[in-house]
Amino acid sequence: GKSSVARALVADAALARDLGGTVHFFNADDALREARSQAGPLRDAIVKLLPAAQGPDGSLDQVALASAAFSDPALLKQLELLQWPVARAAAHTARDQAVAGGASLLIIEAIALLSSGLVEELDGYLILTLPTAERRERAVGRGMSGAAFDLRDAAQHGLTEALLAAGGVEV
């Protein structure tokens, strides 16, 4: 998937040599998972929006959150509006750290580039595509239920086409 391709590019010594510097990687989904796992403004805002996503210990139930979000387009949009400023700030920090570390390329993994505001800041972007059956198999293999995959897939319908229309390059 996306992370595997990114890891391969980061590890490619010939690519780093050709670019004249190292290749760094930032995963927006990981940054958001981390931000949601910590007590603070983002988690508080999510719980205010969707109280049922809060577990008994105060943490967010990621499965309940995803299920609710991918079942309700309006809720998904509200969650994106809460989360993308956090992801953009983390991406800016990653960019600054990459530059300070001598990087010539920063790879940012993010599923919702068009709604994030990040796409306008990128020099270009790649879109990794897989057939639905293969994506489903991979998701279920990582522990997602088939029903959860179907919800997520339906919520993201048309995303690839929109990214391609906005100038992405399909891989």
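Things worth noting here:
- Amide H contacts under 5 Å for residue 107: 24, 25, 26, restricted to partners 5 or more places along the chain or on a different chain, H placed in the peptide plane at 1.01 Å from N.
- For region 56-61, 3J(HN,Hα) per residue [Karplus equation, 6.51 cos²θ - 1.76 cosθ + 1.60, θ = phi - 60°, Hz, x = Gly/Pro]: x, 8, x, 6, 8, 7
- Cα gyration tensor shape of region 28-76, rounded if a/c is under 1.5, else prolate or oblate by comparing a/b with b/c: oblate
- The long axis of helix 2-11 is offset from the longest Cα principal axis of the chain by roughly 30 degrees.
- Rolling a 1.4 Å probe across the protein heavy atoms gives region 17-75 an accessible surface of 57 Å² per residue.
- Here the dipole of the chain is about 240 debye; that uses its Cα centre as origin and unit charges on the Cβ of Lys and Arg (positive) and Asp and Glu (negative).
- Listed residues 74, 129, 100: farthest to the positive end of the dipole of region 39-134 (Cβ charges): 74
- Rounded to the nearest 500, the 222 nm mean residue ellipticity of the chain from helices alone is -18500 deg cm²/dmol, with -39,500 (n - 2.57) taken per DSSP H run of at least 4 residues.
- Estimated FRET transfer efficiency when R0 is 41 angstrom, pair residue 44-residue 132 (beta carbons, to 0.05): 0.70
- Residue among 151, 25, 50 farthest towards the positive dipole end of the chain, charges placed on Cβ: 50
- Computed with a 1.4 Å probe over protein heavy atoms only, the accessible area of residue 71 comes to about 70 Å².
- Inter-label distance for residue 160 and residue 81, nm, one decimal - labels placed 7 Å from Cα along Cα-to-Cβ: 3.0
- Fraction of accessible area attributable to carbon and sulfur, the chain (%, probe 1.4 Å): 57
- Cα shape, region 74-139, gyration tensor, a/c 1.5 rule: oblate
- Per-residue surface analysis assigns residue 67 an accessible area of about 60 Å², computed on protein heavy atoms at 1.4 Å probe radius.
The values are calculated or read from the model by the stated rules, or taken from the named source; none is laboratory data. Just so it is clear, the model here is predicted, and its values are computed rather than measured. No Cβ is skipped: glycine too gets one built from the backbone with ideal geometry, and neighbour counts run over all protein chains shown. Please note that ligands, DNA and RNA were not included when accessible areas were found on the heavy atoms of the full protein model with its side chains. Shrake-Rupley method; radii C 1.70, N 1.55, O 1.52, S 1.80 Å.
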